[in-house]
Amino acid sequence: MDPQWKAPDRIETPEDILRGLEALLALDGRLRPVRDIAGPIPLRRNAPGFASLASIIASQQISRASAVAIFGRLSQLVDPLTPEGLLSGGEAVMIRAGLSRAKRTTLISLATVLADGTLDLDELSLKPADDALAALTALPGIGPWTAQVYLLVSAGHADIFPAGDVALQAAVAHAFGLPSRPAMKSLALMAESWAPWRSVAARLFWAYYRQIRGAEAAPAA
């Protein structure tokens, strides 16, 4: 790759997105019509930390609208939303918010390791992507999708592609005329050609999905 297209360690600004898009178009000409349809590509950044990761956990396997509603209730019930605050409120507040039993268990486990200092999310965000992914997916209830979305949206890593994301699978299938949504492993292989800008590629396809389906599916930011 031309050195001018070298990705930064983190995607921090709209200018990073624009630079990444230009690099992606140089890497893969098939993305030009995707870019034209997608329109503006939002930065999509949240501050790293417990509240951000909790919002992604709340989003697991449900619609974006449902996730926003549930997390909104949780944030009102536990304000500020900290590990200590969640543990103090206990399961009762999470039940009132509408969280499933599995997500309640995940959040309690996460809050516990953060409150006792076993895990530091700020420190984790500075680690290389593979190390950070391994640390996050070692936690109960946190799989590859949750960890990858957190590192992309909250930690700002430049080269993350959540291939298990259903909206990304649907967007890629539509853009490239595939007969069906690619499986996670197949999409991950396809996305390798977009390195080291895979996080911008994910943002591009989320924006494309919004245009072709008329609904937002990207993680809330």
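Of all helices (runs of 4 or more DSSP H) completely enclosed by the stretch 154-221, which ones contain at least 1 residues that are more than 16 Å from the chain's Cα centre (by Cα) and more than 21 Å from S63 (Cβ to Cβ)?
In the stretch 154-221, the matching helices (runs of 4 or more DSSP H) lie at 166-176, 184-191.
For the stretch 169-208, name all the residues that are of a type in the set (D, E, K, R) and in contact with a helix residue (DSSP H, G or I) (Cβ under 7 Å, 6 or more places away or on another chain).
R181, R198, R203
Within the stretch 124-135, restricting attention to residues that are within 21 Å of A201 (Cβ to Cβ), without any contact (Cβ under 8 Å) to a residue 40 or more places away in the chain and in contact with a helix residue (DSSP H, G or I) (Cβ under 8 Å, 6 or more places away or on another chain), which residue is surrounded by the most Cβ atoms within 10 Å (Cβ to Cβ)?
A132
Which pairs do you get when a residue that is farther than 16 Å from E192 by Cβ, found in the stretch 21-35, comes within reach of a residue that is β-branched (V, I, T), reach meaning Cβ atoms under 7 angstrom, with the pair 6+ apart or on two chains?
L21/I41; L21/V200
Find the residue count for the stretch 67-87, including only residues that are of a type in the set (G, A, S), closer than 16 Å to S100 by Cβ and either out of contact with any Gly (no Cβ under 8 Å at 6 or more places or on another chain) or not assigned by TED's automatic domain parsing to the domain that holds A115 (or both).
Residues meeting the conditions: 1.
Among the residues that make up the stretch 182-194, is at least one of them in contact with a Leu (Cβ under 7 Å, 6 or more places away or on another chain), crowded, with 23+ Cβ neighbours inside 10 Å and modelled with pLDDT of 95 or more?
no
Look at the stretch 107-153 and say how many of its residues are of a type in the set (V, I, T) and under 17 Å from the mean Cα position of the chain (by Cα).
So the answer is 5.
I'm checking my understanding of the structure. Among residues of the stretch 36-51 that are assigned to a helix (DSSP H, G or I) and touching a residue at least 12 places away in the same chain (Cβ under 8 Å), which one is farthest from Y150 (Cα to Cα)?
It comes out as I37.
Within the stretch 52-70, work out how many residues are in contact (Cβ under 8 Å) with a residue 60 or more places away in the chain and not aliphatic (A, V, I, L, M).
5
Identify all residues within the stretch 114-123 that are more than 20 Å from E12 (Cα to Cα) and surrounded by fewer than 16 Cβ atoms within 10 Å (Cβ to Cβ); write none if there are none.
Once the filter is applied, which keeps residues that are more than 20 Å from E12 (Cα to Cα) and surrounded by fewer than 16 Cβ atoms within 10 Å (Cβ to Cβ), the stretch 114-123 yields D116, G117, T118, D120.
Residue pairs, Cβ under 8 Å, 6 or more apart or interchain, first in the stretch 94-122 and outside the structural domain of P83 (by TED's automatic domain parsing), second part of a helix (DSSP H, G or I) and aliphatic (A, V, I, L, M). List them.
none
Within the stretch 46-59, count every residue that is within 12 Å of the chain's Cα centre (by Cα) and surrounded by fewer than 18 Cβ atoms within 10 Å (Cβ to Cβ).
Number satisfying all stated conditions: 0.
Is it true that A7 is of a type outside the set (K, R), part of a loop (DSSP other than H, G, I, E, B) and touching a Pro at 6+ places or on another chain (Cβ under 8 Å)?
In short, yes.
The values are calculated or read from the model by the stated rules, or taken from the named source; none is laboratory data. From a predicted model like this one, the values you see are computed outputs, not experimental measurements. No Cβ is skipped: glycine too gets one built from the backbone with ideal geometry, and neighbour counts run over all protein chains shown.
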